[in-house]
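Worksheet: the structure to be examined is printed underneath.
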């Protein structure tokens with residue numbers, strides 16, 4: 001069997017443009033696209049060295065917010081598929097649509113599973129689940145982008161496909177709220193703050209798994225006009241996620257102290273928007289729709305392996321082990337308060 005999956009033996013090379021290409025999701029998708037033999041062009045500003053473009057990809061430099069510069073570097077070229085990883089507001093989505101109208105057979109907008117109804121009224125979450133998030137502006141902006149783009153599909157056949165990833169990570173992304181600071185606290189024997197009671201369920205998807213499904217839908221005409229959730233089928237309680245990080249960090253039993261998400265939000269508006277708008281709710285996703293389009297898609301990397309990959313990478317790069325003193329102070333204050341309540 002081909003190690004890239006069953007579709008690798010039958011896929012026809014396609015001309016693909018990635019707007020972005022150096023992020024967690026897009027970098028893994030770029031590697032996958034090149035490995036499958038697609039003709040990949042990456043358009044970015046050329047300022048990110050953390051995830052270099054894969055060998056075999058063409059890289060063009062322009063700021064996508066500068067429409068004139070983009071037109072100059074693309075020089076009238078057309079693509080089978082354009083994937084936009086960096087449109088976050090309706091104005092940005094509208095500008096991108098104007099750039100690529102009539103120049104691509106498929107425009108893929110990367111939305112977010114956080115756009116789904118919060119709190120959800122039923123699980124699992126499907127593509128038909130309503131889009132509504134009163135807590136987080138990021139999610140509301142993604143919903144507004146979708147509304148704009150789907151209207152263009154309905155009114156003028158703009159070749160839209162929407163993809164909604166949930167919490168997708170690579171070796172650089174720590175899923176815990178405090179990032180490396182929480183790993184530091186575990187190793188130092190300090191209490192670690194966990195939002196809620198730690199029992200809500202969460203889905204984490206490795207970027208290499210996401211890429212298998214994502215690249216598989218590029219250039220497929222039957223995906224136009226559709227939306228797709230792409231996640232792992234593994235879901236874990238937050239307590240277990242924190243313990244997997246502790247185990248990977250060599251800590252047998254971390255002290256987990258539970259603090260209500262609303263309390264954390266009251267002390268940190270920045271953390272609160274993400275917690276109340278996404279992480280504090282149980283999320284289980286149904287991936288039937290993407291599996292029906294991409295034969296054989298299965299997420300195969302369990303988070304136990306992912307957590308080890310992350311901690312090993314940070315241990316190999318001690319210069320990136322940043323401890324956030326503001327989060328340290330918040331953790332000390334709120335865990336101390338929670339423990340005083342018994």
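The values are calculated or read from the model by the stated rules, or taken from the named source; none is laboratory data. In this text, all values refer to a predicted model and were calculated from it rather than measured experimentally. Glycine gets a Cβ as well: all are built from the backbone with ideal geometry, and neighbour counts include every protein chain shown.
Residue-wise test of (1) in the same structural domain as residue 214 (by TED's automatic domain parsing); (2) closer than 30 Å to residue 309 by Cβ; (3) buried (at least 17 other Cβ atoms within 10 Å of the Cβ); (4) at pLDDT below 95.
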| site | (1), (2), (3), (4) |
| --- | --- |
| 85 | yes, yes, yes, no |
| 107 | yes, no, yes, no |
| 110 | yes, yes, yes, no |
| 125 | yes, yes, yes, no |
| 150 | yes, no, no, no |
| 153 | yes, no, yes, no |
Within segment 41-61, considering residues that are surrounded by fewer than 16 Cβ atoms within 10 Å (Cβ to Cβ) and more than 17 Å from residue 71 (Cα to Cα), the one modelled with the lowest pLDDT: 49
Strands (runs of 3 or more DSSP E) completely within segment 11-121 that count 3 or more residues being touching a residue at least 40 places away in the same chain (Cβ under 8 Å): 15-19, 81-84, 107-110
Selection count, segment 274-297, where residues are in contact with a helix residue (DSSP H, G or I) (Cβ under 6 Å, 6 or more places away or on another chain) and not in a helix (DSSP H, G or I): 5
Segment 23-38: number of residues that are within 19 Å of the chain's Cα centre (by Cα) and either within 13 Å of residue 165 (Cβ to Cβ) or surrounded by fewer than 22 Cβ atoms within 10 Å (Cβ to Cβ) (or both): 7
Filtered residue count, segment 253-273, keeping only those that are in contact with a helix residue (DSSP H, G or I) (Cβ under 7 Å, 6 or more places away or on another chain), in a helix (DSSP H, G or I) and closer than 16 Å to residue 179 by Cβ: 2
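Residue-wise test of (1) over 30 Å from residue 339 (Cα atoms); (2) within 18 Å of the chain's Cα centre (by Cα); (3) without any contact (Cβ under 8 Å) to a residue 12 or more places away in the chain; (4) not assigned by TED's automatic domain parsing to the domain that holds residue 267.
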position	(1), (2), (3), (4)
158	yes, no, no, yes
175	no, yes, no, yes
188	no, no, yes, no
194	no, no, no, no
Candidates 290, 310 - the one that is buried (at least 17 other Cβ atoms within 10 Å of the Cβ) and not assigned by TED's automatic domain parsing to the domain that holds residue 265: 290
Search result, residues across segment 17-40 that are under 19 Å from residue 72 (Cα atoms), modelled with pLDDT of 95 or more and touching a helix residue (DSSP H, G or I) at 6+ places or on another chain (Cβ under 6 Å): 18, 40
Among (1) over 24 Å from residue 191 (Cα atoms); (2) outside any helix (DSSP H, G or I); (3) more than 18 Å from the chain's Cα centre (by Cα), the one test that residue 300 misses: (3)
Selection from segment 211-252 of residues that are in contact with a helix residue (DSSP H, G or I) (Cβ under 6 Å, 6 or more places away or on another chain) and within 19 Å of residue 33 (Cβ to Cβ): 211, 213, 214, 215, 216, 217, 223, 228, 230
